[in-house]
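Novice: One structure coming up, written as structure tokens, with questions to follow.
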Amino acid sequence: MPNRANLAGFRDEIMRQEVSSGLGHVRVRPRQVERFGDVTAMVTRITHLPSVKAVEPILVLPGAIKKDGHLVVLGVTGVNASACEHPYERTLGADLTPGDDHGVLLGERLAKNLDAKVGDEVNLQVLLSTRPRLVLDDEGVGNYTLTVRGLVGFAALDSLFVNWGFLASETGDDRSASALLVWARNDNVNVARQIASAVEHDFPDAAGESCHSGKRSGWPSRGRWSIGQRSFSLTNRRAVLIPPRLKPCWTVLMKSSVKELLF
């Protein structure tokens, strides 16, 4: 029979999983721009804070995944395969490995909607730039055939993950990140807040938010991310015209601010 103690325990477990297999204790994002240009110095400095266990940069770009006749528009998240913590919980198959530019992890529900399983190939398109890149002649869109390495669950049921190094290098800035996820050495709320404050002190252009601030963040799912009582859509911001040759997959994608989507 449900009681106050059981509900409290359930809430604590959900929060624990949201931290350990989610967005960490603290999220660090740019205050003004859409993403950090080079996070090397930030990662090094934050990692050396006494109460920090791990720091992982992530890069999120608008994209679409297709398999056979199934198409889903979503956020493509690049994660550091060599990091000791990840914003997901793998439930089947293998994890991404460093240097694997051809692997992808799918959320369980996303995989079901695509009728995809471990070992299958999927087609991924990523909006790398809001304008055509004349030097590369790729019209700002990357097209890739990837192999499903594994499936992930919990808060990432509708998500897609690739290697951060691969995704960042495709943008032309191989150390860029939309945010840094920080895991503390313990779950003390004051420790998380101290980390956030220390980050903002050392990096005035960055905003630190602890997981105890009342917001609960979710991963992109079918073009929507939910944050507490607010939700943002990948189709509610400024228009980005997709080249005619891509119209079988996209006609127009309204590109949201990654900063608003994540937080």
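The values are calculated or read from the model by the stated rules, or taken from the named source; none is laboratory data. Worth saying up front: this structure is predicted, and the values here are computed from it rather than measured. So basically every Cβ, Gly included, is an ideal-geometry build from the backbone, and we count neighbours across all protein chains shown.
Novice: Which residues, counting only those in the range 77-104, are out of contact with any Ser or Thr (no Cβ under 8 Å at 6 or more places or on another chain), without any contact (Cβ under 8 Å) to a residue 60 or more places away in the chain and either hydroxyl-bearing (Ser, Thr, Tyr) or part of a strand (DSSP E or B) (or both)?
Specialist: SER82, LEU92, GLY93, THR97
Novice: Among what's in the range 162-195 and is assigned to a helix (DSSP H, G or I) and closer than 15 Å to ASN80 by Cβ, pick the residue that is farthest from the chain's Cα centre (by Cα).
Specialist: Only one residue fits best here, namely SER169.
Novice: Also, I was wondering about something else. Going residue by residue through the range 58-81, is there one that turns out to be β-branched (Val, Ile, Thr) and over 19 Å from TYR144 (Cβ atoms)?
Specialist: Checking the range 58-81: not a single residue is β-branched (Val, Ile, Thr) and over 19 Å from TYR144 (Cβ atoms).
Novice: Another question, if that's okay. Can you name every residue in the range 163-192 that is farther than 16 Å from ALA41 by Cβ and either of a type in the set (S, T, N, Q) or surrounded by fewer than 18 Cβ atoms within 10 Å (Cβ to Cβ) (or both)?
Specialist: Within the range 163-192, ASN163, SER169, THR171, GLY172, SER178, ARG185, ASN186, ASP187, ASN188, VAL189, ASN190 meet the criteria.
Novice: Taking the condition crowded, with 17+ Cβ neighbours inside 10 Å, modelled with pLDDT under 95 and assigned to a loop (DSSP other than H, G, I, E, B), does TRP225 pass?
Specialist: Answer is no for this residue.
Novice: How about the range 196-207: which of its residues are within 21 Å of the chain's Cα centre (by Cα) and of a type outside the set (D, E, K, R)?
Specialist: Correct list: ALA196, VAL199, ALA206, ALA207.
Novice: Being in contact with a helix residue (DSSP H, G or I) (Cβ under 9 Å, 6 or more places away or on another chain) and closer than 18 Å to ALA155 by Cα, is that true of even one residue in the range 59-69?
Specialist: Looking for residues that are in contact with a helix residue (DSSP H, G or I) (Cβ under 9 Å, 6 or more places away or on another chain) and closer than 18 Å to ALA155 by Cα, one finds at least one in the range 59-69, hence yes.
Novice: The conditions are (1) over 13 Å from the mean Cα position of the chain (by Cα); (2) buried (at least 23 other Cβ atoms within 10 Å of the Cβ); (3) more than 30 Å from ALA41 (Cα to Cα), and LEU96 fails exactly one of them. Which is it?
Specialist: In the conditions (1) over 13 Å from the mean Cα position of the chain (by Cα); (2) buried (at least 23 other Cβ atoms within 10 Å of the Cβ); (3) more than 30 Å from ALA41 (Cα to Cα), LEU96 misses (3) alone.
Novice: Still on this structure: Does LEU110 satisfy the criteria of being closer than 17 Å to ASN163 by Cβ and either surrounded by 14 or more Cβ atoms within 10 Å (Cβ to Cβ) or among the small types (Gly, Ala, Ser) (or both)?
Specialist: no
Novice: If we keep just the residues of the range 36-49 that are farther than 28 Å from VAL73 by Cα and in contact (Cβ under 8 Å) with a residue 40 or more places away in the chain, which is surrounded by the most Cβ atoms within 10 Å (Cβ to Cβ)?
Specialist: ILE46
Novice: Going through the range 110-124 one residue at a time, which ones are outside any helix (DSSP H, G or I) and either among the basic types (Lys, Arg) or modelled with pLDDT under 95 (or both)?
Specialist: The one that is outside any helix (DSSP H, G or I) and either among the basic types (Lys, Arg) or modelled with pLDDT under 95 (or both): LYS117.
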